[in-house]
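Working notes for the structure below.
The values are calculated or read from the model by the stated rules, or taken from the named source; none is laboratory data. On a predicted model such as this, the values are computed, not experimentally measured, just so you know. As a convention, Cβ positions derive from the backbone with ideal geometry for all residues, glycine included, and neighbour counts pool all protein chains shown.
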Amino acid sequence: MTRTEGSHVGVTPGGHRCIVRVEGGAFAGPRLRGDILPGGGDWVLERSDGSRRLDVRVTLRTDDGALIYAQYGGIFHTSAEIFQQLTSGEAVDDSAYYFRTAPVFETASPRYAWLNRLLAIAYGQRTATRVTYSVDAVR
C-alpha cells in the first residue's frame, strides 16, 4: 500500500493527530487478489508514550471486480531512532518495531461474503512511503 503524508492536525487533547492518504496498492492471497483503490486514509494518533494508534479505511477491488471495504485499527511503536530511519528511507528490519492491526471487512459480493464474518490479525512492515501487511484469519 502506497501512502503519502497528509495533514498534520497538530497536538490535540488525545495526542498528535496526522491524516495520511492511501494512494493505492495491491493485495494477493490464496483466496483473493486485486488492487487497493486510491482515496483511503489512516487517521494516526501519536500518543504521549510514543506509540501510534492507527485507524485505516480503504477500498479493495478484487481482480474479478468485487469491492470490499476494509477498516482496521492497530498499534505502531518503535524508538525515535528507528522511526527516523524508517521515514528517511533506510532499510530497517521489521523486528525493530511493533506494527499490528485487526482488519474487518464488508462486501456485497456473494463470492466474498465470507469476509463479512471474518476477523483478522495483520503484521505490518513499513518503509518511508510503503506499508505492507501479512494478514491471517483468526479461527
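Being within 15 Å of Thr129 (Cα to Cα), out of contact with any helix residue (DSSP H, G or I) (no Cβ under 8 Å at 6 or more places or on another chain), surrounded by 15 or more Cβ atoms within 10 Å (Cβ to Cβ) and not acidic (Asp, Glu) is a condition met by no residue of the range 63-79.
Being assigned to a strand (DSSP E or B) and out of contact with any Cys (no Cβ under 6 Å at 6 or more places or on another chain) is a description that applies to Arg21.
Considering only the range 84-99, I want to know if a residue exists there that is in contact with a Leu (Cβ under 9 Å, 6 or more places away or on another chain) and either of a type in the set (Phe, Trp, Tyr) or surrounded by fewer than 13 Cβ atoms within 10 Å (Cβ to Cβ) (or both). Looking through the range 84-99, at least one residue is in contact with a Leu (Cβ under 9 Å, 6 or more places away or on another chain) and either of a type in the set (Phe, Trp, Tyr) or surrounded by fewer than 13 Cβ atoms within 10 Å (Cβ to Cβ) (or both). Close Cβ contacts (under 9 Å, 6 or more residues apart or on different chains) running from residues in the range 115-139 that are under 18 Å from Ile68 (Cα atoms) and surrounded by 16 or more Cβ atoms within 10 Å (Cβ to Cβ) to residues that are at pLDDT 90 or above and of a type in the set (Asp, Glu) comprise Leu115/Glu106; Ala120/Asp136; Ile121/Asp136; Ala122/Asp136. Among strands (runs of 3 or more DSSP E) entirely within the range 31-139, having at least 2 residues that are polar (S, T, N, Q) and either more than 26 Å from Thr12 (Cβ to Cβ) or at pLDDT below 95 (or both) singles out 52-62, 131-137.
The C-beta contact set for the range 44-69 (first residue at positive phi, second residue of a type outside the set (Phe, Trp, Tyr) and surrounded by 15 or more Cβ atoms within 10 Å (Cβ to Cβ), distance under 9 angstrom, 6+ apart or interchain) comprises Gly50/His77; Gly50/Thr78; Gly65/Gly34; Gly65/Ser109. If you check Phe27 against the conditions, is it among the hydrophobic types (A, V, I, L, M, F, W, C) and either in a loop (DSSP other than H, G, I, E, B) or under 30 Å from Arg117 (Cβ atoms) (or both)? Yes, satisfied.
Scanning the range 98-118 for residues that are within 14 Å of Thr132 (Cα to Cα) and of a type in the set (Phe, Trp, Tyr) turns up Tyr98, Phe99.
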